[in-house]
Amino acid sequence: SSMSKDSLKTSLLQLECHFTWTLLKEDIGLEALEETILDHIKFVVEYNIRDYNILSYVCHLKNSNEEALRNLRKAEEAIQICHPGEIARRSLVTWGNYAWVYYHMQRYEEAQSYVSKVENSYKKLSSTADGKIQLPEICAEKGWALLRFGRKYFEKAKNCFENALKSEPDNPDFSAGYAIAMYRLEDCAERYGEEVIPCLDALKRAAELSPKDTTILALLALKLQRLNRGHEGERYIEEGLQRTPDFPVFLRYAANFYRKSGDVNKAVKILKKALALTPNSVFLHHQLALCYRFKILQLKKKRYTPQEEVENLVQLAIFHCKIVIDKKPVFFAAYGDLASIYALGKRYEEAEEIFQEVLQRNDLSCEDKQDIYFSYGNFQHFHMKSESKAIKYYIECLKIEKDSYARKKSSEAVETLLRQKIESSLGYATDIGTLGLVHNLNGKKQEAIECYKKAIALDPNNEEYQSALVELQLSI
């Protein structure tokens with residue numbers, strides 16, 4: 001009956017599992033995520049329960065509920081092996097996922113029986129009458145799931161691990177999750193101009209609690225490298241290469257470390273080894289494309305550019321970058337990378353097509369848009385040699401008010417271009433007026449007013465400058 005279906009839905013929404021954690025498929029590439037999890041299952045045996053649980057949810061998002069059930073059965077098998085003494089406690093997320101999958105398959109009795117299993121287990125585990133209890137390992141599982149769904153989720157993931165650590169401050173798994181969330185938040189904060197909360201201490205603590213976890217060692221090395229303590233960091237990378245020479249997650253971070261320290265050949269070698277182990281990893285394909293792009297730029301600086309070698313590297317870089325976009329259409333940074341590689345190969349129409357394609361997308365965040373406008377401005381400026389278009393797109397970036405690395409760079413680029421034009425010519429009113437607009441967008445009102453006054457002196461009948469000036473004077 002519809003009454004019991006409604007009450008079932010109400011109970012389902014109370015469950016703690018992937019279906020109630022608001023993990024939205026538009027924030028990730030489903031194919032890429034599925035491959036990441038399958039690679040993880042293959043190489044990291046101890047966290048299979050967690051992996052099968054999230055994999056069941058991904059299968060559901062791909063509309064294959066039968067497959068979702070198969071993965072939940074695998075999670076159950078893993079629970080029986082790893083936690084034979086506390087099966088109920090360790091099954092709560094799995095059973096919650098079961099209930100939801102059955103509900104979506106319209107198998108309501110089975111869904112209800114799993115809801116009851118969860119509710120009864122909570123009553124047994126909890127000392128309070130309402131059976132409510134927050135289990136730290138469920139907080140952590142939620143944290144790990146959030147980390148898989150991209151940067152919008154990192155802050156929430158950090159909070160989950162913080163909660164879990166309140167109950168068990170020395171738990172190595174919670175500590176590792178917390179450190180990884182902090183590392184990624186700091187990574188994003190630097191790119192997107194947000195406040196940086198340092199992650200060094202969290203990484204050191206996690207490395208202390210999980211000395212065998214080479215992923216943590218690699219992140220610690222990358223963090224030290226950012227603090228200009230790369231030589232300290234390299235020790236951890238070398239230790240990891242000896243400990244887990246065939247662990248792809250570690251290898252990709254090691255490659256990243258060498259690429260950033262300028263040893264691109266070593267990075268490529270490591271990436272190729274990792275790609276042989278996990279041929280579908282989006283991350284690896286992207287890193288390879290960036291390495292080849294770096295090599296192209298190095299060759300172009302030479303007095304005699306070896307044309308054939310450049311062509312070859314352009315082909316390789318395009319090949320890897322296209323795989324990234326195919327598998328993960330929401331990886332927006334990769335579009336700018338691909339366009340820049342086309343431009344380096346003098347394939348300007350294809351570069352232009354990529355920019356147009358990504359600018360048409362309606363699922364871009366502010367930061368992504370800023371990145372693309374900045375890249376497009378650079379493309380117009382350095383490759384198409386069109387200063388006017390470059391200025392236009394740098395300004396499009398500035399019109400998005402969010403502070404970010406791309407916005408800062410666009411601001412510097414457009415100011416430099418405009419000043420050069422103003423100094424080299426007779427001081428055209430339009431250039432001075434545009435500089436006024438740039439100052440205004442950057443909140444420098446006094447400087448903007450000066451510019452508009454100069455522009456009006458050169459072009460007294462320009463209504464645009466006059467109204468901009470009036471508006472500014474009123475706003476101060």
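Taking the criterion of being among the charged types (D, E, K, R) and in contact with a Pro (Cβ under 9 Å, 6 or more places away or on another chain), would at least one residue in the stretch 142-155 satisfy it? No - not one qualifying residue is present in the stretch 142-155. The residue that is surrounded by the fewest Cβ atoms within 10 Å (Cβ to Cβ), counting only those in the stretch 168-199 that are of a type outside the set (D, E, K, R) and closer than 21 Å to ILE133 by Cβ, is PRO169. The number of residues in the stretch 120-154 that are surrounded by 14 or more Cβ atoms within 10 Å (Cβ to Cβ) and more than 23 Å from SER11 (Cα to Cα) comes to 8. Every test in (1) within 24 Å of ALA32 (Cα to Cα); (2) out of contact with any helix residue (DSSP H, G or I) (no Cβ under 8 Å at 6 or more places or on another chain); (3) open to solvent by 50 Å² or more (accessible area, probe 1.4 Å) is passed by LYS74 save one, and that test is (2). Residue count for the stretch 188-205 under the criterion of being touching a Leu at 6+ places or on another chain (Cβ under 7 Å) and of a type in the set (Val, Ile, Thr): the result is 1. Scanning the stretch 124-164 for residues that are free of Cβ contacts under 8 Å to residues at least 24 places away in the same chain, in contact with a Phe, Trp or Tyr (Cβ under 8 Å, 6 or more places away or on another chain) and either assigned to a helix (DSSP H, G or I) or within 25 Å of ALA32 (Cα to Cα) (or both) returns PHE161, GLU162. The helices (runs of 4 or more DSSP H) located wholly in the stretch 406-476 that include 1 or more residues which are over 22 Å from GLU396 (Cα atoms) occupy 445-458, 463-475.
Selection over the stretch 253-282 of residues that are open to solvent by 60 Å² or more (accessible area, probe 1.4 Å) and either of a type in the set (A, V, I, L, M) or assigned to a helix (DSSP H, G or I) (or both) gives a count of 7. Filtering LEU165, LEU203, LEU222 for residues that are under 23 Å from SER404 (Cβ atoms), hydrophobic (A, V, I, L, M, F, W, C) and either open to solvent by 30 Å² or more (accessible area, probe 1.4 Å) or not assigned by the TED database to the domain that holds TRP21 (or both) leaves a single hit, LEU222.
Of all the numbered requirements in (1) assigned to a helix (DSSP H, G or I); (2) closer than 18 Å to HIS18 by Cα; (3) open to solvent by less than 20 Å² (accessible area, probe 1.4 Å), LYS117 misses one, and that requirement is (3).
A quick yes/no check of all residues on (1) of a type outside the set (D, E, K, R); (2) touching a residue at least 24 places away in the same chain (Cβ under 8 Å); (3) more than 20 Å from LYS142 (Cβ to Cβ); (4) touching a Lys or Arg at 6+ places or on another chain (Cβ under 7 Å):
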position	(1), (2), (3), (4)
GLU168	no, yes, no, no
PRO172	yes, yes, no, no
ALA176	yes, yes, no, no
TYR183	yes, yes, no, yes
ASP187	no, no, yes, no
GLU195	no, no, yes, no
PRO198	yes, no, yes, no
LEU203	yes, yes, yes, yes
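Criterion first (under 20 Å from GLY29 (Cβ atoms), of a type in the set (Phe, Trp, Tyr) and within 18 Å of the chain's Cα centre (by Cα)) does PHE319 satisfy it? No; evaluated as a whole, the condition is false for this residue. Look through the stretch 382-408, keep the residues that are under 19 Å from GLY433 (Cα atoms) and out of contact with any helix residue (DSSP H, G or I) (no Cβ under 7 Å at 6 or more places or on another chain), and return whichever of them is surrounded by the most Cβ atoms within 10 Å (Cβ to Cβ). So, considering only residues that are under 19 Å from GLY433 (Cα atoms) and out of contact with any helix residue (DSSP H, G or I) (no Cβ under 7 Å at 6 or more places or on another chain), the one surrounded by the most Cβ atoms within 10 Å (Cβ to Cβ) is LYS392. Count, please, the residues in the stretch 409-421 that happen to be open to solvent by 40 Å² or more (accessible area, probe 1.4 Å) and within 18 Å of ALA333 (Cβ to Cβ). Looking only at that region, the number is 1. Taken across the stretch 236-248, residues that are out of contact with any Pro (no Cβ under 8 Å at 6 or more places or on another chain), of a type in the set (Asp, Glu) and part of a helix (DSSP H, G or I) do occur, with at least one present.
When you scan the stretch 94-114, do you find a residue that is more than 34 Å from the chain's Cα centre (by Cα), over 30 Å from LEU275 (Cβ atoms), crowded, with 20+ Cβ neighbours inside 10 Å and of a type in the set (A, V, I, L, M), even just one? Scanning the stretch 94-114 turns up at least one residue that is more than 34 Å from the chain's Cα centre (by Cα), over 30 Å from LEU275 (Cβ atoms), crowded, with 20+ Cβ neighbours inside 10 Å and of a type in the set (A, V, I, L, M).
The values are calculated or read from the model by the stated rules, or taken from the named source; none is laboratory data. This one's a predicted model, so the numbers in the text were calculated from it and none came from an experiment. Cβ coordinates were reconstructed from backbone atoms using ideal geometry, including for glycine residues, and neighbour counts include every protein chain displayed. Accessible surface areas use protein heavy atoms only, side chains included; no ligands, DNA or RNA. Shrake-Rupley method; radii C 1.70, N 1.55, O 1.52, S 1.80 Å.
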